[in-house]
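Written below as structure tokens is the structure these notes are about.
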Amino acid sequence: MEILGLTVDCVDMAGAVRRVRGMLEGGRAWQVVTLNSEMAMMAQRDRGLAAIISGADLVVPDGAGVVWASRVLGQPLPGRVAGFDLMQELVACAGREGWPVFLLGAAPGVAEEAAARLEERVPGLRIAGTHHGFFGDADEPALVEEINASGARLVFVAMGAPRQDRWIARNRARLRPSVCIGVGGSLDVLAGRATRAPKWVGDMGLEWLYRLVREPRRFVRMLALPGFVLRVLVVKLAKRHDNQDKE
């Protein structure tokens with residue numbers, strides 16, 4: 001369905017995992033975007049980011065706000081597919097299927113810590129490589145070569161939106177067959193450097209409030225949320241008006 005001009009795939013978690021499985025049978029690199037309301041608002045101001053989202057191979061509703069918007073607009077999505085949860089599901093599949101995994105992003109040392117914890121937790125998992133997210137444009141060719149040489153089939157990019165999504169879009173033509181997924185702060189959580197909201201908070205759609213309480217510096221960024229709600233309601237009213245005119 002379409003939310004504020006951005007196409008979102010109507011998949012639940014199981015459907016998203018099936019889609020990724022199908023991608024891994026293809027002979028190219030694929031991009032998965034985990035869309036939340038903050039990113040959707042960024043795309044309203046940034047046509048380049050909007051084009052990246054539209055050009056992705058799979059866009060999942062990462063935020064509760066996106067799921068809420070789908071209901072308001074009359075095309076309910078099956079539910080939230082959080083990037084962290086999708087990563088957990090795919091890592092479990094990687095352990096069973098033997099897909100090598102590459103972890104890219106976060107501060108130096110974090111990806112290595114996350115890799116160690118995942119290998120302890122997931123039987124059969126092979127971490128093909130890790131790299132921190134503190135690099136410049138001049139370092140990208142060597143980094144792409146490192147990922148390609150690792151043989152990774154799943155590349156989790158944890159550099160925050162929209163940087164992670166721009167990086168994948170910019171480099172996927174040079175990457176060997178793999179699925180590249182933006183996962184935000186997931187490596188920090190896996191490494192024990194950050195705490196995720198309790199499940200009941202996420203189920204209530206209040207993860208944004210939990211993060212704001214723990215990280216007050218996010219206040220300015222969170223101002224995108226009321227703007228998102230307002231835009232969705234305006235679209236809803238415009239659709240209702242159009243339907244009345246047609247009648």
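The values are calculated or read from the model by the stated rules, or taken from the named source; none is laboratory data. Values in this document were obtained by computation on a predicted structure and should not be read as measured data. Reconstructed Cβ throughout: ideal geometry from the backbone, glycine too, with neighbour counts over all protein chains shown.
Among the residues that make up segment 21-30, is at least one of them assigned to a helix (DSSP H, G or I) and crowded, with 18+ Cβ neighbours inside 10 Å? Step through it out loud before you land on a result.
Of the residues in segment 21-30, the ones assigned to a helix (DSSP H, G or I) are 21-23.
Then drop every residue that is not crowded, with 18+ Cβ neighbours inside 10 Å, which leaves 23.
Looking through segment 21-30, at least one residue is assigned to a helix (DSSP H, G or I) and crowded, with 18+ Cβ neighbours inside 10 Å.
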* To do: Please state which one of R47, R96 is among the basic types (K, R), surrounded by fewer than 19 Cβ atoms within 10 Å (Cβ to Cβ) and touching a residue at least 24 places away in the same chain (Cβ under 8 Å).
  => R96
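The rows are residues; the columns are (1) within 28 Å of E2 (Cβ to Cβ); (2) at pLDDT below 95.
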{"residue": "E112", "(1), (2)": "no, no"}
{"residue": "A115", "(1), (2)": "no, no"}
{"residue": "P123", "(1), (2)": "no, no"}
{"residue": "H132", "(1), (2)": "no, no"}
{"residue": "D137", "(1), (2)": "no, yes"}
{"residue": "A158", "(1), (2)": "yes, no"}
* Select from segment 60-79 the residues that are at negative phi, surrounded by fewer than 23 Cβ atoms within 10 Å (Cβ to Cβ) and of a type outside the set (A, V, I, L, M) and list them in ascending order. => W68, S70, R71, Q75, P76, P78
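Conditions tested, residue by residue: (1) acidic (D, E); (2) crowded, with 20+ Cβ neighbours inside 10 Å; (3) not in a helix (DSSP H, G or I).
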position	(1), (2), (3)
A138	no, no, no
E146	yes, no, no
D165	yes, yes, no
A173	no, no, yes
I181	no, yes, yes
* Take A64 and decide whether it is among the small types (G, A, S) and either at pLDDT 95 or above or within 29 Å of E25 (Cβ to Cβ) (or both). => no
* To do: Give just the number: which of (1) surrounded by 20 or more Cβ atoms within 10 Å (Cβ to Cβ); (2) within 27 Å of V189 (Cα to Cα); (3) not β-branched (V, I, T) does L6 not satisfy?
  => (2)
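Taking the stated definitions as given, is S150 hydroxyl-bearing (S, T, Y), within 19 Å of R28 (Cα to Cα) and either without any contact (Cβ under 8 Å) to a residue 12 or more places away in the chain or touching a Pro at 6+ places or on another chain (Cβ under 8 Å) (or both)? Spell out the reasoning first.
Values: hydroxyl-bearing (S, T, Y): yes; within 19 Å of R28 (Cα to Cα): yes; either without any contact (Cβ under 8 Å) to a residue 12 or more places away in the chain or touching a Pro at 6+ places or on another chain (Cβ under 8 Å) (or both): yes.
Yes; evaluated as a whole, the condition is true for this residue.
Does segment 59-110 hold any residues that are among the hydrophobic types (A, V, I, L, M, F, W, C), within 17 Å of V229 (Cβ to Cβ) and over 15 Å from the mean Cα position of the chain (by Cα), and which are they? Give the derivation first.
The initial filter retains those residues of segment 59-110 that are among the hydrophobic types (A, V, I, L, M, F, W, C), namely 59-60, 64, 66-69, 72-73, 77, 81-82, 84, 86-87, 90-94, 99, 101-104, 106-107, 110.
With within 17 Å of V229 (Cβ to Cβ) added as a condition, the list becomes 64, 66-69, 72-73, 77.
Answer for segment 59-110, where residues must be among the hydrophobic types (A, V, I, L, M, F, W, C), within 17 Å of V229 (Cβ to Cβ) and over 15 Å from the mean Cα position of the chain (by Cα): W68, A69, V72, L73, L77.
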* To do: Might you check whether a residue that is in contact with a helix residue (DSSP H, G or I) (Cβ under 9 Å, 6 or more places away or on another chain), farther than 22 Å from G192 by Cα and touching a residue at least 12 places away in the same chain (Cβ under 8 Å) occurs anywhere in segment 125-138?
  => no
